[in-house]
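What follows is a short report on a single structure.
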Amino acid sequence: MVIMKVLVVNCGSSSLKYKLYEMPVERLLAKGAIERIGEKGGSIKNHRQGLESILKEIDGVQAVGHRVVHGAEEFKEPTLLNRKVINKIKACCALAPLHNPANLEGIFACSDILKGIPQVAVFDTAFHQTLPEKAFIYGLPYRFYQKDKIRKYGFHGTSHEYVAIEAAKRLRKSILKVNLITCHLGNGCSITAVKKGKSVDTSMGFTPLEGLLMGTRSGDIDPALVTYLIQKKNMSTQDVDVLLNKESGLKGVSGVSNDMRKIKEAAQKGNPRAKLAIEIFVYRIQKYISAYLGILGKTDAVVFTAGIGENQPQVIKDTCRNLFDNLKQKPKVMVIPTDEELMIARQVYRVVSRE
Ligand code: ADP
């Protein structure tokens, strides 16, 4: 067994999180985060400087794993980085202009600082590349898919895959034999139907905006609302983008916060809009779970994870109340803490040992 120190790097637009593991024993050796990168008042100018300061503290890194948000149809699995692969990730920037450039900055900085150390990209979209065409093609003229790659991609793939594997372990079954519905409920929220270990449908779409009500994202709306807002309310496309991604969801409906803890507090004090926000949140999850139960047929478990899924038992109780009453074989309900970094470390270990 080869022992390997794997550094997992997650570069956001203004943040950098890392964890260092000893693999394959999965021992966490170090972790940390740098916030407010490049912002006024922050001491770290860019991701490179951030990584330099981190790598002063830790040594012996033998492989690096990078979380990359969008791998489009190019990347169906974790991939060892080289110039050709990096160029393909660059090409995916058009589909994820807010995320992929920051991920690439981390990749470039690590290539410079840790010359010769193998680096692996692990994509948020990869797990959903098994979706069948009927699940990922939108009802638009087909050329928009062929020419412009407009389709459902899905996100949070690393988290869905991790909890699916852990659920199969708890069920004492092979992942290839279980049907699951995995619910990642954090600030961003998504649900995935997993059939015999493979993602067959997921609630997020071309971007993370589709699907469930989220902290600040609207989730599903009538698409005609976008043109209505532009034409009748004189909003710019930028305004609408901000409205749907940053001002909507739990925050927009409740008028209190995007944080479920604060909304619950307000609801308990009788705030009607806070109550409504929670009702919509739960109702939307119920609709997706019900749809996926229909698609999957016999379902072994419904799994809840991430901030709300792991820490808000009342939300799970409300969601599951009466939901399975008409089923002959009821799925187990599980709460499994997600660990995207560990999943990335496992993938890196697998790819690098193979090479
Ligand atoms: P992100 O998607 O940004 O990683 P999280 O997974 O932490 O966010 O999810 C954020 C949501 O989870 C918030 O609505 C918050 O209220 C809820 N949450 C996080 N931690 C807790 C906790 N310890 N107790 C209750 N709710 C929590």
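Every number in this text was worked out from the coordinates using simple rules, so none of it is lab data. Quick caveat, the model's predicted, so the values are computed rather than measured. A quick note on method: Cβ atoms are made from the backbone with ideal geometry, for glycine too, and the neighbour counts reach across all protein chains shown.
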Checklist entry - Hey, what angle do you get for helix 100-113 against the long axis of the chain, alpha-carbon based, 0 to 90 degrees rounded to 10? => result 20
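Rounded, prolate or oblate: pick one for the range 35-153, where a ≥ b ≥ c are the square roots of the eigenvalues of its C-alpha gyration tensor, a/c under 1.5 means rounded, and failing that, prolate if a/b is larger than b/c, else oblate. Numbers along the way, then the final one.
On the way: a/c = 2.88, a/b = 1.88, b/c = 1.53.
It comes out prolate by the Cα gyration axes.
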Checklist entry - How large is ³J(HN,Hα), in whole Hz, for each residue of the range 341-347 in order, when computed from phi with the Karplus curve 6.51 cos²θ - 1.76 cosθ + 1.60 and θ = phi - 60°, using x for Gly and Pro? => result 5, 5, 4, 5, 4, 4, 5
Next on the checklist: Using Cβ counts within 10 Å as a stand-in for footprinting exposure, how do Arg67, Arg83, Arg36 rank, fewest first?
Outcome noted: Arg83, Arg36, Arg67
Next on the checklist: What is the angle, in °, between the Cα long axis of helix 157-171 and the longest principal axis of the Cα atoms in the chain? Nearest 10 is fine, range 0 to 90.
Outcome noted: 80
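Indicate, rounded to the nearest 5 percent, the antiparallel portion of the DSSP beta bridges found entirely in the chain. Mind showing how you got there, number by number?
Details: 28 of 46 bridges.
Antiparallel bridges make up about 60 percent of those DSSP assigns within the chain.
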Checklist entry - DSSP beta bridges in the range 1-145, what fraction antiparallel, as a percent rounded to 5? => result 65
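Calculate, in nm to one decimal, what Gln146 and Cys93 gain on full extension: separation in residues at 0.36 nm each, minus their alpha carbon distance. Working shown, then result.
Values: separation 53, 0.36 × 53 = 19.08 nm, distance 1.79 nm.
Using 0.36 nm per residue and subtracting the Cα-Cα distance, I get 17.3 nm.
With a 10 Å radius around each residue's Cβ, average the other Cβ atoms per peptide and rank 138-148, 317-327, 97-107, highest first. Show your work: numbers first, answer last.
Details: 138-148: 10.7, 317-327: 13.4, 97-107: 19.4.
The packing order, highest mean first, is 97-107, 317-327, 138-148.
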Checklist outcome for this item: Taking alpha-carbon centroids only, the range 140-204 lies from the range 13-67 a number of Å equal to 28
